[in-house]
Every structure is written in structure tokens, then in C-alpha cells.
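Presented below is the structure to which this report refers.
The values are calculated or read from the model by the stated rules, or taken from the named source; none is laboratory data. Nothing here was measured: the structure is a model prediction, and the numbers come from that model. Glycine also receives a Cβ, built like all others from the backbone with ideal geometry; neighbour counts cover every protein chain displayed. For accessibility, only protein heavy atoms count, side chains too; no ligands or nucleic acids. Shrake-Rupley method; radii C 1.70, N 1.55, O 1.52, S 1.80 Å.
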Amino acid sequence: KIAEGDAVLFRRGDIFRGYITATSGVSYGAYGEGDKPCIYGCLKNYAEEVWRPTSEENIWAMIVSTSDVGMIIFNHGEAYGNKKIENVFECDEDYEFFYDQENGLLYLYCSKGDPSRVFYDIEFLSNKTLLYVKDNSENIYIENLCLKYTGGHCISLGKPVKGITIKNCEIGWIGGAIFRNKTERYGNGIQFYGQCSDSVIDHCWVYQCYDAGVSNQDPAEAPEVTGNVDYENNDV
């Protein structure tokens, strides 16, 4: 069991798929040599799965078990999908997609043929937070990680939190999932929500977020006091 004082280290150059709930007093970082370890919110490369043609011309389908898909990224940013909200019949140009939440089916328009033959990598951005810091957490260190491909927030911090350091991280292709209703979409790179203090975000690169790259937010119904949070040397 992970406990205060532990370090969770990911090997550089490797790809890990899944979600993290951080523990107070624990460091999350990298070891070895090479590129930052990548942690992807997409649980598999969907270019390696079976896409099925539908009765609609150029529309391909895939079963996806999630509450929503915010975006689709092809070949790590070579192309990206344009989400349609109402129905599959809105999709009439390449890479437009519709996610049928009720039946767990994703429909993609691809005139070039089977998407798994067109692209070597296809990432779905599911409606989840990639790295979650729970309420009342303290002294968490997050460094030298590449965090990508989730349809919710990338790093979401509860309230109150204290002593959080996020340093030398790459955060990209975040958000786009539906939030509270049929049309409202969201997804921040780093989000503090409510009271936070004595924290640092330093030398991070945050890009291609559906909403804000970095955000300090307070609940409107009960504003909290935030103090001593430093943003230094970031590219957002």
C-alpha cells in the first residue's frame, strides 16, 4: 500500500495507461534516462482495435465503455476529431465523430477507409480526471511526467490542499467531455478548486486543453481563500 514518504516512479521512455489518485506525502516522478514517462488516460490504442463499417457511408463504429468521449487524437496530434453533439447524421466530414452514450458506441467519419489502417495511433479522451488530488491532501510532489489524453481535467486538486508541487511536467490534449448538460463541455490542464496554499507550478508545458490550461477556481456559493500559490516559468 502506498503511504506517506513513498515515491512512485515511472520509467523514462515508457507509456502507462490509466488514472492516478494521489496520496498525501507521496512523490510521483521518473527514473532512468530518456524522455519523460507518458501516462495516458486512454486505456488502449484504438488503432489496434477492430473498427466496423456501418450502413452509413464512410461511418465506422467502435464500442467504448465510458460516460463520454471528449476528443479523438490521431497519431499524437497529426489530426483530431471534431465532436458532434446531436446524432451520428451530423458527421459528414473526415474525423467528425458522435458518441452514443446510451449504447456505448462511438461513430467516426473516415473517408479514407478503416481508421485502424489509416492511423497507427488513435486515442479517445474519456470523461475522467487523469490525476486526482483528494480533498485535504498535503505535500504531494509531481515531477517529470508527460500526462495526456483524458476528456476531463488532467490534474484536478480538491479543497483544501496544501504543499502541492507540480514541476517539469508536459500536459497535453485534455478535455472536451460533456460536463453538466448536453452541450456544456470542460477540461482544464491543472485545476485547483477551492482553498489551496503553499503550492508551486514550475516549468510545466500545458497545451491543447479544451478549457483553461491552468485554473484557480472557487465555488461561487462559498468562496474560499487561496494564498501563496506560485506559477513560475510555465509555457501555457
Of the residues in segment 42-71 that are of a type in the set (Val, Ile, Thr) and not in a loop (DSSP other than H, G, I, E, B), the one that is farthest from residue 177 (Cα to Cα) is 59
I'd like to check something: does segment 139-147 contain any residue that is crowded, with 17+ Cβ neighbours inside 10 Å, hydrophobic (A, V, I, L, M, F, W, C) and outside any strand (DSSP E or B)? yes
Checked segment 61-103 for anything of a type in the set (A, V, I, L, M, F, W, C) and touching a Gly at 6+ places or on another chain (Cβ under 9 Å); matches are 63, 64, 69, 71, 72, 73, 74, 97
Of (1) at pLDDT 95 or above; (2) over 30 Å from residue 136 (Cβ atoms), residue 21 satisfies every one except (2)
Over segment 2-16, the set of residues closer than 13 Å to residue 145 by Cα and open to solvent by 50 Å² or more (accessible area, probe 1.4 Å) is 9, 11, 12, 13, 15, 16
Wholly inside segment 190-236, strands (runs of 3 or more DSSP E) that include 3 or more residues that are modelled with pLDDT of 85 or more, over 27 Å from residue 72 (Cβ atoms) and open to solvent by less than 70 Å² (accessible area, probe 1.4 Å) are 196-202
Taking segment 72-117 and keeping only residues that are out of contact with any Phe, Trp or Tyr (no Cβ under 9 Å at 6 or more places or on another chain) and assigned to a strand (DSSP E or B), one is left with none
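To keep it simple, each residue is scored yes or no on (1) crowded, with 22+ Cβ neighbours inside 10 Å; (2) more than 24 Å from residue 211 (Cβ to Cβ); (3) at pLDDT 95 or above.
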{"residue": "38", "(1), (2), (3)": "no, no, yes"}
{"residue": "58", "(1), (2), (3)": "no, yes, yes"}
{"residue": "73", "(1), (2), (3)": "yes, no, yes"}
{"residue": "105", "(1), (2), (3)": "no, yes, yes"}
Filtering segment 136-187 down to residues that are β-branched (Val, Ile, Thr) and either in contact (Cβ under 8 Å) with a residue 60 or more places away in the chain or on the phi > 0 side of the Ramachandran plot (or both) yields 140, 142, 150, 178, 183
